[in-house]
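Accompanying notes for the structure given below.
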Amino acid sequence: MDRISAIRNVEDALRAFESGDADLGDTERRVAAVLRTYATEFDGEDDVFRAIGEEPVDGQVVVAPSAPAARERVLALSGLDPNARAESSDREKSESRNNSDDLTTVEGDGVPEFDVERV
């Protein structure tokens, strides 16, 4: 589906809503289907993934070639650094070795816990 076809399909869905031929739920599903079809054809052979987990990533939907790539796209769209967890973990290990008497841990690594599922 090209961009013009997608726009026309969304306009058709809105017209049906405005005329009372479709309710809001039907319109939302129709528009989401148009967008999903457009996005998957636009990105080629990629799949659609949904993030499930903590805010701010929970519920985000991305198109990606694999689950790891989907995780990276979700983090990028959320403005989060995908390498923050590894850097924080390395820092914690280093601080733990240097402060063996200190029982506190470094928190706030900035990357929420989440999984991605193929939709």
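Note down the magnitude of the dipole of the range 1-42 about its Cα centre, charges +1 on Lys and Arg C-beta and -1 on Asp and Glu C-beta and zero elsewhere, to the nearest 20 debye.
Details: 6 positive and 9 negative charges, 35 e Å.
Dipole about the Cα centre, nearest 20: 160 debye.
Using a 7 Å offset from the Cα along the Cα-to-Cβ direction at both E72 and A39, what is the distance between the two label points in nm, to one decimal?
1.9 nm
Could you give me the ³J(HN,Hα) list for the range 13-22, computed from phi with Karplus coefficients 6.51, -1.76, 1.60 and θ = phi - 60°, whole Hz, x at Gly and Pro?
Coupling constants for the range 13-22: 5, 5, 4, 4, 5, 5, 7, x, 7, 9 Hz.
Every number here is computed from the coordinates shown, using simple stated rules; none is lab data. Remember, predicted model here, so these are calculated numbers, not experimental data. When we count neighbours, we look across all protein chains shown, and the Cβ atoms used for this are built from the backbone with ideal geometry, even at glycine.
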